[in-house]
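The values are calculated or read from the model by the stated rules, or taken from the named source; none is laboratory data. On a predicted model such as this, the values are computed, not experimentally measured, just so you know. All Cβ positions, even for glycine, are placed from backbone atoms using ideal geometry, and neighbour counts span all protein chains on display. Side chains included, ligands, DNA and RNA excluded: accessible areas come from the protein's heavy atoms. Shrake-Rupley method; radii C 1.70, N 1.55, O 1.52, S 1.80 Å.
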Amino acid sequence: MGCIEISNWKKCAKAPAGVAPEAKGKLWVAEIPGALKQQWKITSLYDDDTLLKRARSNGFKYAEVEKENDFNRQGKKLTSVLEYEGEPVAPFDRSVHFRDEDIKDWPNLSDIELTLKDRPWLVNIIPLERVDTQNRIAHLAVDPTYQTISPNNRYWVENAIDYLDEPGEWVYNSLEGRLYFWPEGDINDMHIVAPFLQEFIRVEGTEDGPFVKHLHFEGLTFTHGLRDSLLEGDRGLQHDWEMHDKGNAVLRFRFAADCDVASCLIKSSSGTGIRLDLHCQRIKVTRNHLHHLGGGGIVLSGYGPGTKDVNKNNVVHDNYIHDIGELLLHSAAILVAQSGHNEITHNTIRDVPYNGIVVSGCRPHEFYLVHRIPFRRAWVSSIRFEECEPFIKQGLAAQYHNRLDHFLPLLHARENRISKNDISRTLLKLHDGNAIYFSAMGKDNVVERNYLHENRGTAGAIRLDDNPSFTIIRENVITESEQGLGLKGAADVSNNFIFTETFLRGRSLPGWLGGTKKVDPVGNIFMPPASSKSSSGLYLTDSRATERPFYENLPKMEKSIYFTKNGSAPYSPKANLGSDLFTGQRADLNGKYLFTERKTGVGEFGLNRHNLRAHGCAQDHHRLPGLQAAA
């Protein structure tokens, strides 16, 4: 256990200044020993294994104030306005313009944190530094990931005594050295503990060797670790979903090899579970149970973009990860950043607020910001500039600067095998995420034989987001989700069973799928659960996604099957009976094109777009009409 028990509770004789009227007469207080007051930041509290609620305001809106400094928006938008050479831009704006008296100049201001949700894929929790109540401007202690600019977005104030207004809530005042708590029941029946340690065990060698080897951890239990907090000097990975080379996990490997963690339990802890940082090779993380964590599950994170490629050949197998990201909502169950040739297999992941598995590198535009925004936390601050400069110059000299090909030798999240994982109930809190997510990674990652189900609201259960490289997606089963695949780059898509309303979410013409490798999807089975005659078609963001029948929005597919249970009036194709629906060519009765026609009754489907439809390549099309729809 990484916690300290809080047992010296006394009923408050006098209500603390500023407390909500609802809490008066109901609060208990515990004094923190003086030796701990200055070195201990209490950001979470537990009753045994149960996370207790910290006092939190309702969602407030920002004041409508136009900001000049907007250089901490998304990097891909900045390269259109910033040249590579030039003076660094002004530091990020840490100001929050608030309304009315939503934020106050509390005496213990450094204890008060703002929860900022300025993008659908990230939540920052940042302490206050100072507050100008006259002008209604609060200043954050560290940079936010993104500009706090839109008055339509909401933020929350946490750990202020003013918002302790419900049973079960607490606040900590480090200036007084006191915890205030409104228990739901009898406080004498509770076992209240506060996390104190962040790293429980660090296995660490030296940077270029010798490395720590042959340590085996089995059957251990880790509980009540400290939550991670953003600090000055932190370096972030993509979108600050995790930090680069930071000791925020209860068990951490750094400059290690040939070790393993097996059958351990990590639960009821406020930070990340297990990390493999920088040089980590042939480390096995198997059969562990990680649940109810404030941060992420398992992190594999190599060096920042550069030529040093030493985080690889690790195994993450047969782990059960669920109910993570309870405090840092953007945390992934498994995050692989700048790490390759790993086996991510047979893991069960469920009930997470955002992504299931993330495989990430550094997007091209980030390389072009190193001179102008060197202090940018997400990726830019970790770029190994001397190693990357020749590749940056190569990109600048090219016709298209933002092609990932310029930087592939620097991106080491390549040839990972993500296989036979069961992932469900992702995106329970945030948006624009996925069960399995890729962006700006190296080539030839393999996603195969995964079972992805009940992943609602995704941008594709499997997604290749901005700047992906060639990926192999085969033999996966995707069901109970609105969208199957979300692809912004080249992929070999074969033999997948995708039972979703939208099979393929892309944003270009069918010929784009497969990219330079020209790999046509083959052997896929698609069964939307309802109507396929939707305005989105199968290319959700394509310009052709109109009221056309769904087959006109399909890319070229070989030996694939599409069918629907839609019971609405049949759609009559423009092509004549006996002709190919794509080309209009007559069927070859010798077997190249084969059509069978029969009348249909109630609950059956004739030759129309609601049929089960097997679609071969241009010389090998088949139609299998008249099949009974499954109930």
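Would you point out which residue out of 173, 188 is open to solvent by 50 Å² or more (accessible area, probe 1.4 Å) and more than 16 Å from residue 251 (Cβ to Cβ)? Write out each step before concluding.
Numbers: 173 fails: open to solvent by 50 Å² or more (accessible area, probe 1.4 Å).
Going through 173, 188 in turn, just one is open to solvent by 50 Å² or more (accessible area, probe 1.4 Å) and more than 16 Å from residue 251 (Cβ to Cβ): 188.
Those residues that are out of contact with any Asp or Glu (no Cβ under 8 Å at 6 or more places or on another chain) and either more than 22 Å from residue 476 (Cβ to Cβ) or of a type outside the set (Phe, Trp, Tyr) (or both), I need them from the stretch 316-337; list them, please.
Just the residues of the stretch 316-337 that are out of contact with any Asp or Glu (no Cβ under 8 Å at 6 or more places or on another chain), to begin with: 318-321, 324-327, 329, 333-334, 336.
Scanning the stretch 316-337 gives 318, 319, 321, 324, 325, 326, 327, 329, 333, 334, 336.
Of the residues 151, 167, only one is in contact with an Asp or Glu (Cβ under 8 Å, 6 or more places away or on another chain), in a loop (DSSP other than H, G, I, E, B), touching a residue at least 60 places away in the same chain (Cβ under 8 Å) and farther than 29 Å from residue 67 by Cα; which? Spell out how you get there, then give the answer.
On the way: 151 fails: farther than 29 Å from residue 67 by Cα.
Within the list 151, 167, the selection yields 167.
Checking residue 400 against (1) buried (at least 22 other Cβ atoms within 10 Å of the Cβ); (2) out of contact with any Gly (no Cβ under 8 Å at 6 or more places or on another chain), which single condition isn't satisfied?
The one condition residue 400 does not meet is (1).
Do you know which of the residues in the stretch 212-231 that are open to solvent by less than 50 Å² (accessible area, probe 1.4 Å) and of a type in the set (A, V, I, L, M, F, W, C) is nearest to residue 265 (Cα to Cα)?
Here is the first cut: in the stretch 212-231, the ones open to solvent by less than 50 Å² (accessible area, probe 1.4 Å) are 212, 217, 222-230.
Right, trim to of a type in the set (A, V, I, L, M, F, W, C) and you get 212, 217, 222, 226, 230.
Values: 212: 23, 217: 11, 222: 6, 226: 16, 230: 26 Å.
Across the stretch 212-231, the extreme among qualifying residues is 222.
Every residue in the stretch 133-148 that is open to solvent by 20 Å² or more (accessible area, probe 1.4 Å) and either among the small types (Gly, Ala, Ser) or in a loop (DSSP other than H, G, I, E, B) (or both), please. Break it down into steps so the answer makes sense when it comes.
Initially, the stretch 133-148 is screened for residues open to solvent by 20 Å² or more (accessible area, probe 1.4 Å), giving 133-137, 139, 141, 143.
Within the stretch 133-148, 133, 134, 135, 136, 141, 143 qualify.
Of the residues in the stretch 300-329, how many are open to solvent by less than 10 Å² (accessible area, probe 1.4 Å) and not hydrophobic (A, V, I, L, M, F, W, C)?
Within the stretch 300-329, the first condition is being open to solvent by less than 10 Å² (accessible area, probe 1.4 Å), and the residues that meet it are 300-302, 304-306, 311, 314, 316, 319, 321, 324-325.
Filter once more, so that each one left must be not hydrophobic (A, V, I, L, M, F, W, C): 301-302, 304-306, 311, 314, 319, 325.
Number satisfying all stated conditions: 9.
Among the small types (Gly, Ala, Ser), open to solvent by less than 10 Å² (accessible area, probe 1.4 Å) and either more than 30 Å from residue 110 (Cβ to Cβ) or assigned to a loop (DSSP other than H, G, I, E, B) (or both), is that true of residue 209? Give the steps one after another, and end with the answer.
Working: among the small types (Gly, Ala, Ser): yes; open to solvent by less than 10 Å² (accessible area, probe 1.4 Å): no; either more than 30 Å from residue 110 (Cβ to Cβ) or assigned to a loop (DSSP other than H, G, I, E, B) (or both): yes.
In short, no.
Quick check on my filter: what residues within the stretch 358-397 are in contact with a strand residue (DSSP E or B) (Cβ under 8 Å, 6 or more places away or on another chain) and either assigned to a strand (DSSP E or B) or β-branched (Val, Ile, Thr) (or both)?
358, 359, 360, 378
Please work out if residue 455 is under 16 Å from residue 360 (Cα atoms) and in contact (Cβ under 8 Å) with a residue 24 or more places away in the chain.
Details: under 16 Å from residue 360 (Cα atoms): no; in contact (Cβ under 8 Å) with a residue 24 or more places away in the chain: yes.
Judged against the criteria, residue 455 is not a match.
Among the residues of the stretch 405-415, which ones are crowded, with 22+ Cβ neighbours inside 10 Å and assigned to a helix (DSSP H, G or I)?
Scanning the stretch 405-415 gives 407, 410.
Of (1) within 30 Å of residue 116 (Cα to Cα); (2) under 31 Å from the mean Cα position of the chain (by Cα); (3) surrounded by fewer than 22 Cβ atoms within 10 Å (Cβ to Cβ), residue 183 satisfies all except one. Which?
Single failed check for residue 183: (2).
Within the stretch 416-444, work out how many residues are assigned to a loop (DSSP other than H, G, I, E, B), touching a helix residue (DSSP H, G or I) at 6+ places or on another chain (Cβ under 7 Å) and open to solvent by less than 20 Å² (accessible area, probe 1.4 Å).
From the stretch 416-444, those assigned to a loop (DSSP other than H, G, I, E, B) are 416, 420-421, 425-435, 440-444; that's our starting set.
Retained after the next criterion (residues that are touching a helix residue (DSSP H, G or I) at 6+ places or on another chain (Cβ under 7 Å)): 440, 442-443.
If we keep only those that are open to solvent by less than 20 Å² (accessible area, probe 1.4 Å) too, we end up with 440, 442.
Residues flagged as assigned to a loop (DSSP other than H, G, I, E, B), touching a helix residue (DSSP H, G or I) at 6+ places or on another chain (Cβ under 7 Å) and open to solvent by less than 20 Å² (accessible area, probe 1.4 Å) within the stretch 416-444 amount to 2.
Which of the residues belonging to the stretch 333-344 are in a strand (DSSP E or B) and either crowded, with 24+ Cβ neighbours inside 10 Å or out of contact with any strand residue (DSSP E or B) (no Cβ under 6 Å at 6 or more places or on another chain) (or both)? It would help to see each step written out before you state the result.
Step one: filter the stretch 333-344 for residues in a strand (DSSP E or B), giving 334-337, 340, 343-344.
Answer for the stretch 333-344, where residues must be in a strand (DSSP E or B) and either crowded, with 24+ Cβ neighbours inside 10 Å or out of contact with any strand residue (DSSP E or B) (no Cβ under 6 Å at 6 or more places or on another chain) (or both): 334, 335, 336, 337, 340, 344.
Conditions tested, residue by residue: (1) among the aromatic types (Phe, Trp, Tyr); (2) modelled with pLDDT of 95 or more; (3) open to solvent by 10 Å² or more (accessible area, probe 1.4 Å).
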site: 331; (1), (2), (3): no, yes, no
site: 346; (1), (2), (3): no, yes, yes
site: 350; (1), (2), (3): no, yes, yes
site: 355; (1), (2), (3): no, yes, no
site: 359; (1), (2), (3): no, yes, no
site: 376; (1), (2), (3): no, no, yes
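Does any residue of the stretch 380-390 turn out to be in contact with an Asp or Glu (Cβ under 9 Å, 6 or more places away or on another chain) and small (Gly, Ala, Ser)? Talk me through it step by step, then tell me what you get.
Of the stretch 380-390, the ones in contact with an Asp or Glu (Cβ under 9 Å, 6 or more places away or on another chain) are 380-383.
In the following step, the residues that additionally are small (Gly, Ala, Ser) were identified as 381-382.
Yes, the stretch 380-390 contains at least one residue that is in contact with an Asp or Glu (Cβ under 9 Å, 6 or more places away or on another chain) and small (Gly, Ala, Ser).
If a residue must be surrounded by fewer than 20 Cβ atoms within 10 Å (Cβ to Cβ) and on the phi > 0 side of the Ramachandran plot, how many such residues does the stretch 261-290 contain?
So the answer is 3.
Residue pairs, Cβ under 7 Å, 6 or more apart or interchain, first in the stretch 1-24 and more than 23 Å from residue 197 (Cβ to Cβ), second in a loop (DSSP other than H, G, I, E, B) and open to solvent by 100 Å² or more (accessible area, probe 1.4 Å). List them.
Matching pairs, first to second residue: 15/24.
With a cut-off of at least 2 residues that are open to solvent by less than 20 Å² (accessible area, probe 1.4 Å), name the strands (runs of 3 or more DSSP E) lying wholly within the stretch 24-132. I'd like the intermediate steps shown before the answer.
Numbers: elements: 28-31, 95-97, 113-119, 122-132.
Where strands (runs of 3 or more DSSP E) fall fully within the stretch 24-132 and carry at least 2 residues being open to solvent by less than 20 Å² (accessible area, probe 1.4 Å), they are 95-97, 113-119, 122-132.
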